Amino acid sequence: MKVYNTLTRQVEEFIPHEEGIVRMYTCGPTVYHYAHIGNLRTYIFEDVLEKGLQYLGYDVKRVMNITDVGHLTDDSDDGEDKMTKGAMREGKTVFEIAQFYTEAFFKDTEKLNIRKPAIVEAASKHIDTYIKMVTKMLEDGYAYISNGNVYFDIRKADRYYQLSGKNPDDLMVGVRDTVDADSAKKNPADFGLWFTTSKFENQAMKWNSPWGVGYPGWHIECSGISAKYLGEYLDIHCGGVDNIFPHHSNEIAQSEAYFGHPWCKYWMHGEHLNDQSGKMSKSNGEFLTLSLLEEKGYDPLSYRYFCLGSHYRKNLVFSYEALEQAEATYKKLKSRIQSLDRTPNLKEGKIDFYQDKFKEAFGNDINTSSMLTLVYDVLKDDELTDFTKLYLIENFDQVLSLSLIEEEKEIDLEFEQYILEKIEERKEAKSHKDFERADTIRKELLEKGIRIQDTREGTIYEIL
Ligand code: AMP
Ligand code: ZN
């Protein structure tokens, strides 16, 4: 498998730290508002990545955080806390806001067939972990206290600019130009690990710490939650491209300072979905949510199909015309699959061939459009029986998750094939007058809830 690694800026062979296991961390939503469909594009990409790795046979250990504290309206340390702002907007408490939008997020992801990661942790639940990490960074000289806040000293991180490829000088100018630049920092690009003082005194969530009552910086939550659940070596870290700087650059600096060695090997970033004005936004213009698409009559899975049609590293522009087109193609594909003859008749000949092709497409830096094309290739292949086509499409759908086989018609193809083989075996036994064996098979099937009956037309079965 080959993936593009933002850290090295090249497509590389994927080799996890521990054979057969992939430790994967994905930045979760900031739950101050609904997710927009741009955010959801990133979660669709991560879902395909996780499922594809499992398809290849890896044991994927995936963790995601829920940002319910610390994310300011600016990704560096300026601005108000997004959660507090959301709470004030709606006249609710921060806790109510977090709960409401966390649930809304998972309702959206479920509609898109995005599997909930095995471990999902709210940032506010791991304050002790951040305190432990910040304490160590202070002891080891990576961090300093100024004006009541604890900051990371970026001069101590030797490869601070590697992920973003930024030029330190440009960055300094950029930061200096910001009116809000924090004068407490030694270096304008240093970032906050723990705040006890800020311009915004209405910060709702606060905790005791060795440095006074306050709250953690945004970046430390991902380093902390990842360290706690995935340990010292991470294989893949994902997010949207906006996370490269400063969020992920800061995560690398902190985690490597804390562990004392390189931390995450592969950094994978999803390009943005933009609207025609150029930027997806929660505050300006039409706020594109999944519910809005549903209200307009679209199937959420048409949106998933739309996303899978383009590569995750390509910019994608959303328009209703493009979604309309995707929906028409998707529905046509589904009805074509639905019209296949479901009579069990599995021909194994080309199954491996197609499964290898599917793995190859995934392993080619997650080429989702080639993975989709394979569904069409299977449908077109005259050498495959309809049942084999269904078998393969159901198999690919473990990764594509487009509900390609209608739920009410979903069948356990392997199970049906097993019954058929048993009936054949029984027929064979009977033809050799091995009635004892034939009877054992009948009983075996009955134990599994399948009753068989010999008729003039042959043996039929009924699932009890
Ligand atoms: P947030 O809820 O703002 O923390 O963002 C959640 C995820 O969505 C992060 O991985 C972001 O990088 C990603 N993201 C933000 N905007 C977009 C966009 N327009 N298109 C795709 N992903 C995005
Ligand atoms: Zn993060």
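None of the figures in this text is laboratory data; all of them are computed from the coordinates on show. Here the structure is a predicted model, which is why all the values come from computation and not from measurement. For neighbour counting, all protein chains shown are included, and Cβ atoms are generated from backbone atoms with ideal geometry for every residue, glycine included.
Per 0.36 nm of contour for each residue apart, how much would the distance between Glu103 and Glu414 grow if the chain were fully extended, relative to their Cα-Cα spacing?
Additional length available on full extension: 108.4 nm.
Ranked highest first by the average count of other Cβ atoms within 10 Å around their residues, in what order do 336-342, 306-312 fall?
Going from most to least packed, we get 306-312, 336-342.
For the pair Val11 and Lys332, what calculated FRET efficiency results from E = 1/(1 + (r/R0)^6), where r is the Cβ-Cβ distance and R0 = 30 Å, to the nearest 0.05?
It comes out at approximately 0.35.
If all Cα-Cα distances of region 229-268 are sorted into 10 Å bins from 0 onward, what percent lands in each bin, rounded to whole numbers?
Taking every Cα pair in region 229-268, the percentages come to 30, 59, 11.
Determine, from the Cβ-Cβ distance of Tyr161 and His261 and an R0 of 25 Å, the FRET efficiency 1/(1 + (r/R0)^6), rounded to the nearest 0.05.
0.85
Explain nothing, just the number: relative contact order of region 337-456, from Cα pairs under 8 Å at least 6 residues apart, as a whole percent.
Reported relative contact order: 25 percent.
Label-point separation (nm) for Val317 and Glu110, each offset 7 Å from Cα along Cα-to-Cβ?
3.6
Kindly identify region 324-464 as rounded, prolate or oblate by the Cα gyration tensor criterion: order the square roots of the eigenvalues as a ≥ b ≥ c, call it rounded if a/c is under 1.5, otherwise compare a/b with b/c, prolate if a/b is larger, else oblate.
prolate
Pop out the ³J(HN,Hα) list for region 126-138 in order, Karplus 6.51 cos²θ - 1.76 cosθ + 1.60 with θ = phi - 60°, rounded to Hz; leave Gly and Pro as x.
10, 4, 4, 5, 5, 4, 4, 5, 5, 4, 5, 5, 5
Below 8 Å, C-alpha to C-alpha, sequence gap of six or more: please give me the relative contact order for region 62-108 in percent.
24
What length, rounded to one decimal in nm, is gained on full extension from Glu286 through to Glu348, with 0.36 nm per residue of separation minus their alpha-carbon distance?
Gain on stretching Glu286 to Glu348: 17.3 nm.
Please report the spacing between the Cα centers of region 121-143 and region 17-72 in Å, no decimals.
Each part's Cα centre sits 22 Å from the other's.
So what is the calculated 222 nm ellipticity per residue for the chain, using -39500 (n - 2.57) for each DSSP H run with n of 4 or more, over all residues, to the nearest 500 deg cm²/dmol?
Value at 222 nm, helices only: -13500 deg cm²/dmol.
Run the numbers for Ile119 and Lys448: contour at 0.36 nm per residue of separation, minus the present Cα-Cα distance, in nm.
115.0 nm
Measure nothing but the geometry: give the 0 to 90° angle between the long axis through the Cα atoms of 351-363 and the longest principal axis through the Cα atoms of the chain, rounded to 10°.
10
Sorted from largest down, give the three principal axis spans of the alpha carbons of the chain, whole angstrom values.
Computed over the Cα atoms, the extents are 91, 46, 42 Å.
So, in nm, how far is label Arg89 from label Gln54 when the simple model puts each one 7 Å beyond its Cα toward the Cβ?
With each label placed 7 Å out from Cα toward Cβ, I get 3.3 nm.
On a 0 to 90° scale, report how tilted helix 218-230 is relative to the longest principal axis of the chain, with both axes built from alpha carbons and the result rounded to the nearest 10.
40
Share of antiparallel DSSP beta bridges in region 30-180, in percent to the nearest 5?
Looking only at bridges with both residues in region 30-180, the antiparallel portion is about 50 percent.
Please give the FRET efficiency for Asp242 paired with Lys136, using the beta carbon to beta carbon distance and R0 = 25 Å, rounded to the nearest 0.05.
Efficiency, rounded to the nearest 0.05: 0.30.
Do you know the relative contact order of the chain, to the nearest whole percent, from alpha carbon pairs under 8 angstrom that are 6+ apart?
17
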